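The values are calculated or read from the model by the stated rules, or taken from the named source; none is laboratory data. All figures in this text were calculated on a predicted structure; none of them were measured in a lab. Note that each Cβ is placed from the backbone with ideal geometry, even for glycine, and that neighbours are counted across all protein chains shown. Remember, those area values only see protein heavy atoms, side chains included, never the ligands or the DNA or RNA. Shrake-Rupley method; radii C 1.70, N 1.55, O 1.52, S 1.80 Å.
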Amino acid sequence: MRTRAGLGAVVLVVLAAGCTVETDKPEPPLGGPSGGPGGSPAGAAAVAVKIDNVPQARPQTGLDAADVVYAEQVEAGLSRLMAVYASRLPPVIGPVRSARETDLELLRQFDAPVLAFSGAQSKLLPLIADAPLRAVPPDKAPGDAYYRDNARAAPHDLFLRPKALKVTPHAEALESTGFRFGPAPAGGTPETHRTVRFPSARFAFDWVEYEGRWRITMDGERARTPDGKELAASTVVVQYTKVRQSRFHDRSGNISPFTETVGEGSARVLRDGRAFDARWKRASAADGTAFTTPDGKPLPFAKGQVWVVYAQV
């Protein structure tokens, strides 16, 4: 179903953000050699961007335009975001940070996605090169795609102009995820607040009835755009999964956690001011993730932005 895009490894470059990336083998057009994933128009693909999520990185730019935002655990129990854009691209996204092994398995749900990131640990680079995605770190992107914001301190200063990547977003790129959208199922319990904790980070979601959305708080701070608009999601998925140590670590020796997104387990789906017990199942990395009610019926999401928070079992 998915085509592997060879990336090759010839030159290693050390970025200002403290990560390494590979360069230098001719690339197929963005969107995959077949012209576009899942029958989408030529050049169409989901664009995934790794986004910083420590206090110094906030407010982030472009999160409000994402179709899906994944929150995952990284070193020292902190969090990082993966924003996926399929319907539209905002003018700027960032701050952009480095990729992790978790991202490669997670993104197999999408057909030949584009992955924008600042770099990666050198031993992870061969896995990125072999993954069925199009990796576009700064040295592989057009010269005007990335820039440094002088008002920010490194490494929280790298931003992306996604339209410079010449990728056409297309909503069909979400179909392979297994997500389904529609009216709420029967049942559920009224809920207006939910907190999810990582070892050194936390997310909170508050239902706002008159907006029909869940306002987002990260590490006790209300999440906003640079112009002050509050971030909010139509659906929040708290997906309980195993988080284990990977083979990789950062410069300080902190082991990178690996979030297992293949398998099955429990979840809590928040939509329309109610919480629904759910089961999730993903048979292989090449499959999407199905969310069902406890009796096995599909559990649709509310139309709009989806946040998926990977909570440790």
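Values for this structure:
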{"quantity": "Residue within the stretch 160-174 that is over 18 Å from the mean Cα position of the chain (by Cα), modelled with pLDDT of 95 or more, open to solvent by 30 Å² or more (accessible area, probe 1.4 Å) and hydrophobic (A, V, I, L, M, F, W, C) present", "calculated": "no"}
{"quantity": "Within the stretch 284-298, considering residues that are under 21 Å from the mean Cα position of the chain (by Cα) and in contact (Cβ under 8 Å) with a residue 60 or more places away in the chain, the one most open to solvent (accessible area, probe 1.4 Å)", "calculated": "ASP287"}
{"quantity": "Leading residue by the ranking (nearest to ARG161 (Cα to Cα)) among those in the stretch 85-109 that are without any contact (Cβ under 8 Å) to a residue 60 or more places away in the chain and open to solvent by less than 10 Å² (accessible area, probe 1.4 Å)", "calculated": "ALA99"}
{"quantity": "Unmet criterion (only one of (1) under 19 Å from the mean Cα position of the chain (by Cα); (2) open to solvent by 50 Å² or more (accessible area, probe 1.4 Å)) for PHE301", "calculated": "(2)"}
{"quantity": "Filtered residues of the stretch 43-63 (kept if surrounded by 22 or more Cβ atoms within 10 Å (Cβ to Cβ), farther than 20 Å from SER176 by Cβ and among the aliphatic types (A, V, I, L, M))", "calculated": "ILE51, LEU63"}
{"quantity": "Filtered residues of the stretch 224-241 (kept if open to solvent by less than 20 Å² (accessible area, probe 1.4 Å) and assigned to a strand (DSSP E or B))", "calculated": "ALA232, ALA233, THR235, VAL236, VAL237, VAL238, GLN239, THR241"}
{"quantity": "Among the residues listed as GLY220, GLY253, the single one being loosely packed, with under 12 Cβ neighbours inside 10 Å, at pLDDT below 95 and at positive phi", "calculated": "GLY253"}
{"quantity": "Test: residue in the stretch 145-155 that is closer than 29 Å to ALA302 by Cα and either open to solvent by 20 Å² or more (accessible area, probe 1.4 Å) or not β-branched (Val, Ile, Thr) (or both)", "calculated": "no"}
{"quantity": "Matching option when the condition is polar (S, T, N, Q) and within 24 Å of PHE110 (Cβ to Cβ), among THR225, THR259, THR189", "calculated": "THR259"}
{"quantity": "SER122 vs. criteria closer than 14 Å to ALA45 by Cβ and surrounded by fewer than 22 Cβ atoms within 10 Å (Cβ to Cβ)", "calculated": "no"}
{"quantity": "Residue count, the stretch 126-140 (criterion: buried (at least 20 other Cβ atoms within 10 Å of the Cβ) and closer than 16 Å to VAL167 by Cα)", "calculated": "6"}
{"quantity": "Search result, residues across the stretch 259-293 that are within 29 Å of ARG247 (Cβ to Cβ) and aromatic (Phe, Trp, Tyr)", "calculated": "TRP280"}
{"quantity": "Flag for HIS193 being modelled with pLDDT of 95 or more and either under 17 Å from GLN305 (Cβ atoms) or open to solvent by 10 Å² or more (accessible area, probe 1.4 Å) (or both)", "calculated": "yes"}
